[in-house]
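Before any comments, here is the structure.
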Amino acid sequence: MHLPKKSKILFSICFLFLAVLLFISNTSHSKNTEVHVKIPLKEDPKIAPLEILARYPEKETQRVHFKLDSLLKRIHKRHDFNGAILVAKNDKIVYQSQVGTADFKKKTLLKKESTFQLASVSKQFTAAAIMLLKERNLIKLTDTVNTYFPNFPYEGVTIQNLLNHTAGLPKYFWIAEHKWHQKKAPTNTEMIALLAKSNVQRFFKSGRNFDYSNTGYFVLASIVEKVSGSSFSSFLETNIFEPLQMKNSYVYSFEKDPLKKGQLAGYRLYRGWRHLKIPSTVNDAIVGDKNVYTNTEDLYKWTLGLNTGKLLSKESLDLMYSKGKTVYGREVPYGFGFRIDTKVQNSIYHYGKWNGFSTALIKYLDDDLVVIILEHTSYTAIKALNKKIKNIVAESFGI
């Protein structure tokens, strides 16, 4: 059959129009489809699967169990501690328990699976994500933020400056509270854009000083998203949580993500008896500096996997555990995602505090001892509690 000339022209135009529509549709779909970057996990046949965690025999821990159980009951009753504790020595769990309430309205108790907001303890996951990208030659620690975000208003800030808090960036909390004028809390992408136009001065030029910075770690998480092509949440899920069998761990962004089963809210005590849920703020959609949720067992899997070389190379871990330096050569008490104490206890640690959650992860290097404390009702004596736990374990194990 021979089509008339006009019909052929019309058919060609329609075909071209449909092809253009199909191309636009596919392009739009590809932009909205999240890329899940999976970095191969370091495998070592000598490392036992993290699904099966080693524990001390009950006979060897009866005394320490009795003392720590008594301590938990006492601080719960006297000081409103509602949380969980895990202690491990020589890569074996010595003690694991929880006490108190999960939901004060429903009057449900905390469970082993209950997940706590880690607050600033989240930063070590952000640092590890950066080191994973570095090991795959996707980024360099000497890269500046402008390499990934050309409109970033503070020039000369390197990834390493962000990691060890020598970037001198302004506090994004203040910027969000004073410069953000929308009802929904800003995401990382929106906060990066807000920084570019907020005209807020930095505290100092990068590298000149140490200033603990939540801003630096949200920027690091944003770099992870930019380089990987996936959300920070998906990157951690694919490259850290899933490989280490951290089944109760995730990143949560307020207004964006649905609440998970077992996810705890933060509370404060009102008039000495009533627990009030702390509402979310304009800063709660930002991830990287906070907003990793987990439980004590998963957090132990994390530190075990990290320290046994299952996730990162020894070279990367050594960098994370080394004190940073200013351009003047002064040491700073922070590595990559970890605080470092070489003067008193020789420990690698981090504490966190945010919206009612108080958290701690401490590794005592000389004693090969790990202490994890997670709490969600504004408990204020985490450091003192950590010291008591260490003393009880030291007495029982002759440390």
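Checking Leu276, Leu299 one by one, the residue that is at negative phi, not aromatic (Phe, Trp, Tyr) and not in a strand (DSSP E or B) is Leu299 and no other.
Tallying residues that are open to solvent by 10 Å² or more (accessible area, probe 1.4 Å) and either under 30 Å from Glu237 (Cα atoms) or of a type in the set (S, T, N, Q) (or both) within segment 199-224 yields 8.
Just to be sure, is Val227 open to solvent by less than 10 Å² (accessible area, probe 1.4 Å) and of a type in the set (A, V, I, L, M)? Spelling it out, it is not the case that Val227 is open to solvent by less than 10 Å² (accessible area, probe 1.4 Å) and of a type in the set (A, V, I, L, M). Can you name every residue in segment 56-83 that is open to solvent by less than 60 Å² (accessible area, probe 1.4 Å) and in contact with a Gly (Cβ under 6 Å, 6 or more places away or on another chain)? Answer for segment 56-83, where residues must be open to solvent by less than 60 Å² (accessible area, probe 1.4 Å) and in contact with a Gly (Cβ under 6 Å, 6 or more places away or on another chain): just Asn82.
Exactly one residue out of Leu306, Leu264, Leu299 is open to solvent by less than 50 Å² (accessible area, probe 1.4 Å) and more than 22 Å from Ser378 (Cβ to Cβ), and it is Leu306. The residue list Phe152, Phe125 contains one member that is aromatic (Phe, Trp, Tyr) and closer than 30 Å to Asn386 by Cβ, which is Phe125. Any residue at all in segment 208-217 that is in contact with a Leu (Cβ under 9 Å, 6 or more places away or on another chain), of a type in the set (Phe, Trp, Tyr) and closer than 21 Å to Gln124 by Cα? There is at least one residue in segment 208-217 that is in contact with a Leu (Cβ under 9 Å, 6 or more places away or on another chain), of a type in the set (Phe, Trp, Tyr) and closer than 21 Å to Gln124 by Cα. Phe149 - would you say it is modelled with pLDDT of 95 or more, touching a strand residue (DSSP E or B) at 6+ places or on another chain (Cβ under 8 Å) and not in a helix (DSSP H, G or I)? Against the criterion (modelled with pLDDT of 95 or more, touching a strand residue (DSSP E or B) at 6+ places or on another chain (Cβ under 8 Å) and not in a helix (DSSP H, G or I)), Phe149 does not qualify. Scanning segment 334-358 for residues that are closer than 24 Å to Ile93 by Cα, out of contact with any Lys or Arg (no Cβ under 9 Å at 6 or more places or on another chain) and in a loop (DSSP other than H, G, I, E, B) turns up just one, Asn346. In segment 267-280, of all residues being of a type outside the set (D, E, K, R) and within 23 Å of Asn295 (Cα to Cα), the one that is most open to solvent (accessible area, probe 1.4 Å) corresponds to Pro279. Looking across Leu306, Leu319, one residue alone is more than 19 Å from Ser249 (Cβ to Cβ) and assigned to a helix (DSSP H, G or I). It is Leu319.
If the condition is being out of contact with any Ser or Thr (no Cβ under 6 Å at 6 or more places or on another chain) and of a type in the set (A, V, I, L, M), then segment 110-134 contributes Leu110, Ala127, Ala128, Ala129, Ile130, Leu132, Leu133.
Out of Leu374, Leu361, Leu385, one residue alone is in contact (Cβ under 8 Å) with a residue 40 or more places away in the chain, closer than 24 Å to Lys112 by Cβ and assigned to a helix (DSSP H, G or I). It is Leu385. With a requirement of 2 or more residues that are without any contact (Cβ under 8 Å) to a residue 40 or more places away in the chain, the strands (runs of 3 or more DSSP E) lying completely within segment 78-146 that satisfy it span 92-99.
The values are calculated or read from the model by the stated rules, or taken from the named source; none is laboratory data. The structure displayed is predicted, hence computed values, not measured ones. Cβ: placed from backbone, ideal geometry, glycine included. Neighbour counts: every protein chain shown. Quick note on the areas: whole protein, heavy atoms, side chains included, nothing else; ligands and nucleic acids left out. Shrake-Rupley method; radii C 1.70, N 1.55, O 1.52, S 1.80 Å.
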